[in-house]
Amino acid sequence: MTIEEYAARQEERVETIKGLVKLNFTKEQIIDFLTQNLNLSQQEADNAYNQAMATA
């Protein structure tokens, strides 16, 4: 994976999380979504959530 692909994937995650927040998903629901649909580990999902919230 190139750095560009990695950055694009990270940006997709951030946008997905922000969209779920707008739909009134709770943090726990978002973490579950990320682990089930994006195949992230619990830690990866939590980190992605925190990163998205820091940029909100």
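The values are calculated or read from the model by the stated rules, or taken from the named source; none is laboratory data. If you're wondering where the values come from, they're calculated on a predicted model, not measured in any experiment. Positions of Cβ are generated from backbone atoms using ideal geometry, with glycine treated the same way; all protein chains shown enter the neighbour counts. Note: accessible area is taken over every heavy atom of the protein model, side chains too, but ligands, DNA and RNA are not part of it. Shrake-Rupley method; radii C 1.70, N 1.55, O 1.52, S 1.80 Å.
Kindly indicate the residue of the stretch 17-43 that is open to solvent by 50 Å² or more (accessible area, probe 1.4 Å) and of a type in the set (S, T, Y) and also farthest from A56 (Cα to Cα) among those meeting that condition. Give the steps one after another, and end with the answer.
Within the stretch 17-43, the subset open to solvent by 50 Å² or more (accessible area, probe 1.4 Å) is 18, 21-29, 32-33, 36-39, 41-43.
Filter again for of a type in the set (S, T, Y), leaving 26, 41.
Details: T26: 15, S41: 22 Å.
Only one residue tops the list, namely S41.
List every residue pair whose Cβ atoms sit under 9 Å apart, with the two residues 6 or more apart in sequence or on different chains, where the first one lies in the stretch 5-16 and is farther than 16 Å from Y49 by Cα and the second, anywhere, is open to solvent by 100 Å² or more (accessible area, probe 1.4 Å).
Pairs that qualify, where the first residue is farther than 16 Å from Y49 by Cα and the partner is open to solvent by 100 Å² or more (accessible area, probe 1.4 Å): there are none.
From the residues in the stretch 1-40 that are of a type in the set (S, T, N, Q) and assigned to a loop (DSSP other than H, G, I, E, B), which one is farthest from the chain's Cα centre (by Cα)?
In the first step, residues of the stretch 1-40 are kept if they are of a type in the set (S, T, N, Q); the result is 2, 10, 16, 24, 26, 29, 35-37, 39.
Add one more test, that the residue is assigned to a loop (DSSP other than H, G, I, E, B), and what stays is 2, 24, 26, 39.
Working: T2: 20, N24: 15, T26: 13, N39: 11 Å.
Applying the filter and picking the extreme gives T2.
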